[in-house]
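Report on the structure given below.
The values are calculated or read from the model by the stated rules, or taken from the named source; none is laboratory data. Fair warning: this is a prediction, and the values are worked out from it, not measured in the lab. Positions of Cβ are generated from backbone atoms using ideal geometry, with glycine treated the same way; all protein chains shown enter the neighbour counts. Heads up: the accessible areas ignore ligands, DNA and RNA and are worked out on the full protein's heavy atoms, side chains in. Shrake-Rupley method; radii C 1.70, N 1.55, O 1.52, S 1.80 Å.
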Amino acid sequence: MNKAITDGLQLMPPAFEEGLGVWSSGDGTAGSDTYQGAANAALVPSDQDFGGCLELQKTASTQRLRYMGQTPILPGCYLQIKVRVKAISGNLPSVRIAAWASQGGGSHLNGVVETGPQTTLTNYGEVVEVTAIVGTGSRGGVDMPWGGAAQYGHFGLDLTGSNGGIVRIDDIQIIDITGAFLRDMIGVVDVRDYGAVGDGVADDSAAFEAADNAAAGRRVLVPAGTYRLASGASMNSEIDFEGTVTMPDTAMLLLTKNYDLPSYIAAFGNEELAFKKAFQALLNNSDHESLDMKGRMVTVTSPIDMAAAVPNRTSYSTRRIVRNGQFTCAPGSVWDTETFTSQASYNPNDSRTLSNVSNIANIPVGALVEGNGVGREVYVRSKNVGAGEITLNVPLHDASGTQTYTFRSFKFMLDFSGFSKFDKFGMQGIEFQCSGHCSAIRLAPSGTAFSLADCFISRPKDRGVNSFGTGCQGMLIDQCQFLSAEDALAVSSRSSIGVNASANDVKLRHCRATRFRHFAVLGGDNSMVLGNHFFQGDSVTDGVRSAGLVVIGNFTSTTIAENYIDNCSIEWTNEHDPTPDENGGFSFSAMSITDNIFLSGDVAPWFSYIVIKPYGTGHFLNGVTVTGNKFRSILGSIDRAERVDTSIADLDYSRFKEVIYEGNTYHNVSAKAKSPLYLEYSRSSPASSWVVSTGGLLPFQGNTRAIESVTVTSEINDSSDNAYYGMPWCELNYGANDDQIALRWERPVKGSVSLMVRVGK
């Protein structure tokens, strides 16, 4: 069966009887000697076996016979050259099919096989058939594989051995036998048919492209072997890999018709390498917006540098998704945290810079910074080795001067830190099995709208999702599970964090997190924390509890709503403020904590669910709403649901503004704080000054900053028991703690009143 591509082509050489002027005694090229009029060649018009034939005497060590016509070599086609010969007299020679290969333009194609198997004639008059197959592909049964560079050939035969013998040669036949090499009735195109060698050395890139171009809707087959693609390949046909490919890091394999991770695993034979090359293709192919892992697990043996996998890009800003798979960490020392110490200087006026940094060349970008006056989640965002300067992601609150800092470099399964900017990238339905050996994801130093949906971050060693710059701007984390590797540890011994973000507009929604040091540390403004369940307790009696959610900053404009906050707290601090004393700003403002479930068990009585920790003096609450929450302690009661951590500084309670703290419910909480706070007061003996105590029931044990109403609830009588119809004036911020109200009457009176008091104006 001939391939359709050879239809109409003249493959068969002319019969000898048509003239010997087209039959060369050399290589068959134009200008070479022919057998026309040669003394050792004659036409025999009627041989009993052949009919018309050529009689040739061997006079040279290799007696050549080549057809001077240019027989085309087409990609994917296989030609059989066949001739019948017999010895007539003299020495018995050997016979083989032979050819001269051209790469076009009359130039010789060097380095290819140009002879077929050799047959020795053993008897006079015995007809022997000699054959050989030539084609572009190195296939089984192909005697002369010429590769994709071949354009045409001059075909014939060689006589070798002793001289003097005379042979007769039947007309040479050249036929297309491509059908013998095609599978499934030409439903599959084999890359070997287009010159692929598969030895791991030859560059098979052009053969892959040629096979793809010829496929025309059929599948491309990559048979067993190792195929080197030095310049990559873009395949627009479906492709089946029995063999594997190798290629430089910079070369790309674009599988546009079966773009998924299993196809890349089949292509490269290694899951980790396959993911890198598939990710490289994702960022360089506009035909696909997502990489489907199709449930495959990738065993990760060392941190995957996502930027190094795509060396032609330093940034990316088009939506791309990786979905439906699993990454599993293989244990090893490669995941060990690197620790460095270095002396450096800090000036609050240059709040994000460490200067005069010793040993700076060894300090990795992305390393966690620790030292006196350094808040949580401070990282090396960039460094200038020549200037000896490190740029921090956030400022330090109390580190003026020179000291020795510690830098800890965590190792992440997927590390995007090599990109300068990375936007609109997401992962859906992925499990990260860190197994306590490594962290999961490190974001790029800048970028917007990174998303994580329906994913599992399982047992990260240090961090689940970590940002050391602004790569978390607008980050979306939805319906994910964060499972700690520190479940068995007491809270005080834990150090891992599920999510760290220092930029604005983060959304954490409907996630579940277990027993981290902190579920999330949010250092930017305008965050939304909605519908999550995070718990961090242990079995220690009267044990300490850490903050499940840490919000860092003054004006945060953050909403925390409808979460289940279990055995942990919300902590609000300003520990990234280089000048932490209040200096005329909004101070602790724009926070809404609404409709959450707060639960704790077996905790110390001083534990509270909402903790404000000011760094610096003069701070106050300004626009804070705490409503509709359910506070419940089991296995013992707690003193308050809310408190101020005064270990660094206290709040200025005389400046509270717009604090709404109402509609909450309390169970086993001693102080049921409210603002506005409803109070009842009765006086049985006349007095002109009634002192009404709030009993510590104003939020955060604040001052009596405002009074909404004073309502008389019984008859007011003077000392003569006469009815009194006057009203008192109210003295606010009364008492040693400014948490009482003094009602000043015109004369001594007695009776009962109710009051509505506020902690802020």
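Points to keep in mind about this one:
- Local electrostatic count at Asp27 - Lys and Arg +1, Asp and Glu -1, tallied over other residues with Cβ under 12 Å: -1
- Length gained when the stretch Ala604-Gln48 is fully extended (0.36 nm per residue, less Cα-Cα span): 188.7 nm
- Efficiency of FRET from Cβ geometry, Met756 and Glu370, R₀ 45 Å, rounded to 0.05: 0.40
- Within the chain, antiparallel bridges make up roughly 45 percent of the DSSP beta bridges whose residues both belong there.
- Summed side-chain charge close to Thr448 - residues other than Thr448 whose Cβ falls under 13 Å, Lys, Arg +1, Asp, Glu -1: +2
- Rounded to the nearest 0.05, the FRET efficiency derived from the C-beta distance between Glu746 and Ser682 at R0 = 22 Å is 0.70.
- Of all aspartates and glutamates in the structure, the ones whose alpha carbon falls short of 13 Å from that of Lys750, not counting any fewer than 8 places away in one chain, are Glu715, Asp718, Asp721.
- For the chain, the relative contact order comes to 6 percent (Cα pairs under 8 Å, sequence separation of at least 6).
- If you take the Cα centroid of the stretch 671-720 and the Cα centroid of the stretch 619-650, the two points sit 23 Å apart.
- Residue-normalised accessible area of the chain, given per residue in Å² at a 1.4 Å probe: 38 Å²
- Taking the stretch 171-227 and dividing mean pair separation by its residue count, relative contact order in percent (alpha carbons under 8 Å, at least six apart): 38 percent
- Assuming charge only on the beta carbon of Lys and Arg (+1) and of Asp and Glu (-1), the dipole of the stretch 316-378 about its Cα centre is about 460 debye to the nearest 20.
- Global geometry of the stretch 568-704, whether rounded, prolate or oblate, following the gyration tensor of its Cα atoms and the 1.5 cut on a/c: oblate
- Percent RCO, i.e. relative contact order, over the stretch 348-404, from Cα pairs under 8 Å lying at least 6 residues apart: 42 percent
- Selection from Val83, Tyr609, Leu159 lying farthest towards where the dipole of the chain points positive, charges on Cβ: Tyr609
- Overall form of the stretch 238-321 per C-alpha gyration tensor (a/c, 1.5; a/b vs b/c): rounded
- Model label sites at Glu17 and Glu272, defined 7 Å from Cα along the beta-carbon direction, differ in position by 7.2 nm.
- The lysines whose alpha-carbon is closer than 24 Å to the alpha-carbon of Lys613, local same-chain residues fewer than 8 away aside, are Lys507, Lys630, Lys657, Lys672, Lys674, Lys761.
- Largest to smallest principal axis extent of the C-alpha atoms in the stretch 471-569, angstrom: 38, 27, 25
- Asp639-Thr29 pseudo-label distance in nm [points 7 Å out on the Cα-to-Cβ vector]: 10.1 nm
- Between Tyr124, Phe241, Asn372, the Cα set farthest toward the positive side of the dipole of the chain (charges on each charged residue's Cβ, about the Cα centre) is that of Asn372.
- Residue-span extension gain [Asn312 to Thr627] - 0.36 nm each, minus C-alpha spacing: 108.2 nm
- Using Cβ point charges alone (K and R +1, D and E -1), the dipole size of the chain about the Cα centre works out to roughly 920 debye.
- Given +1 at the Cβ of Lys and Arg, -1 at the Cβ of Asp and Glu and no other charges, the dipole of the stretch 596-736 around its Cα centre is 480 debye to the nearest 20.
- On the chain, 46 percent of the accessible area sits on carbon and sulfur atoms, based on a 1.4 Å probe.
- Counting only lysines at least 8 places from Lys86 when in the same chain, those with an alpha carbon closer than 22 Å to its own are Lys58.
- Label-point gap, in nm, between Val201 and Asn347 - each point 7 angstrom along Cα→Cβ: 6.3 nm
- Pairwise FRET efficiency - Ala216 versus Thr115, Cβ, R0 = 56 Å, nearest 0.05: 0.95
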